[in-house]
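Single-structure report; data block below.
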Amino acid sequence: MDLNQRIAASVGKRTDELLALRHQLHRHPELAFEEHETARAVGAFLSTLGIKYKSGVGKTGVVAVIEGAKPGKTVGIRADMDALPILEQTGLPFASQVPGKMHACGHDVHTVIALGVAAALTEMKSELAGRVKFIFQPAEEILSGAQAMIADGVLDDPKMDVVLGYHNWPAVEAGKVGYNADVVMASADAFDITLNGREGHGAHPHMGIDALAAAAQFVSQLQTIVSREVKPISPAVVTVGELHAGTARNIIAGSAVLKGIVRTMEAGLSEKIEQAMRRMLEGIKTGMRVDYSLDWKRVAPALRNHKPTLERLLKSAREVLGNENVYELPEASMGSEDFAWFAERVPAAHLRIGSKIDGLDTAIHRANYDCNDLAIAVGVRVMTRAVLELSSSP
């Protein structure tokens, strides 16, 4: 029996168990840094395999290491665990039992895939060179969990030579995997702005300083940054998602609070956008007589693949699935992924695992989202083969 057959046989024995665990996690979704029951379920599964683990890493994260029988590299696998504040509308028999919370991004599936890899590698430990480090991460949806785990030392003891990530992708047919050759997802920078004017009677606007009017003008002006200051071939998005101002219909708003996010892919572009925003705020201050404060935070860098690591991952994927089932995606995503914090520090590769369900019009972060169960077996088989190959590579 060749390597692929043995991996497939190991996965086949566990399929029902992995599906049942996925359904359990889906019924009980937990938001960022609240993944206590999810972490306990991960720990319980690892314990049945005889794998020691550490919990409470990055608040609610779990880390486990499998030692191979031969010398080799340390390969990391990261799986995110958190859910979203969405009311599920799927009608599935294992739908969320927690009102207003849902695994609408498939992190339940990601968690189960990593556990499936742990199970397969435990059975094949005699062939594992080096070691594999499993990182079950909280709070990906708010782009905070990776940094929390890094702050708790997840990159150390043992240090990883490479780290692998993955995400189910409803746009990719089940049974296939997709990849991006370079940039996978955009960076994310968050900004919070407060404009301070002066309240006044709505009938006497000249006696106040209207922060709401200034905010409206600023939001419109912001859109010219992308359209007139960023190269047309450079992807960039500036979004104001919140604007809070005013207390009554007949009172001039004395202050306005704006919250938004910037997405870019090119190095240095978010800094350029920040500079343009500060320049515009200075103009609003002069022209509209408001004071301002701007808090700018780098939430996540752009996620880029390390090309040699990606090539080895794709080689394993082609060996498992066949060349025709591994293809380059037409474009990267303007969404963000805090796996990028790991990829900034360790050579990394990220794969999209097909999760399309024929006849279901959906996408991640939708109330009707569901993941094709085939993504679990495919993910386990590909990632298991990749770990075995990468850990023994020169």
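The values are calculated or read from the model by the stated rules, or taken from the named source; none is laboratory data. Quick caveat, the model's predicted, so the values are computed rather than measured. Neighbour counts are summed over all protein chains in view; Cβ atoms, including those assigned to glycine, are modelled from backbone coordinates with ideal geometry. These area figures cover heavy atoms from the full protein model, side chains too; ligands, DNA and RNA do not enter into them. Shrake-Rupley method; radii C 1.70, N 1.55, O 1.52, S 1.80 Å.
For this structure, a couple of remarks:
- Residue check: Arg131 meets all listed conditions (1) modelled with pLDDT under 95; (2) touching a strand residue (DSSP E or B) at 6+ places or on another chain (Cβ under 7 Å); (3) not polar (S, T, N, Q) but one, namely (1).
- Residue match in segment 266-284 (condition: surrounded by 15 or more Cβ atoms within 10 Å (Cβ to Cβ), in a loop (DSSP other than H, G, I, E, B) and out of contact with any Cys (no Cβ under 7 Å at 6 or more places or on another chain)): yes
- Taken together, Ala95, Ala114, Ala120 contain a single residue that is crowded, with 19+ Cβ neighbours inside 10 Å and either farther than 17 Å from Ala41 by Cβ or out of contact with any strand residue (DSSP E or B) (no Cβ under 7 Å at 6 or more places or on another chain) (or both), which is Ala120.
- Segment 158-174 - residue that is assigned to a loop (DSSP other than H, G, I, E, B) and in contact with a strand residue (DSSP E or B) (Cβ under 6 Å, 6 or more places away or on another chain) and, of those, surrounded by the most Cβ atoms within 10 Å (Cβ to Cβ): Met160
- Set side by side, the residues Val257, Val219, Val240 differ, and just one is within 23 Å of the chain's Cα centre (by Cα), open to solvent by less than 80 Å² (accessible area, probe 1.4 Å), under 17 Å from Ala190 (Cβ atoms) and not small (Gly, Ala, Ser), which is Val240.
Yes or no, residue by residue, for (1) closer than 25 Å to His350 by Cβ; (2) without any contact (Cβ under 8 Å) to a residue 12 or more places away in the chain; (3) in contact with a helix residue (DSSP H, G or I) (Cβ under 6 Å, 6 or more places away or on another chain):
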| position | (1), (2), (3) |
| --- | --- |
| Glu17 | no, yes, no |
| Leu31 | yes, no, no |
| Ala41 | yes, no, no |
| Leu49 | no, no, yes |
| Thr74 | yes, no, no |
| Asp80 | yes, no, yes |
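- Considering residues of segment 288-313 that are small (Gly, Ala, Ser) and in a strand (DSSP E or B) only, the residue most open to solvent (accessible area, probe 1.4 Å): Ser293
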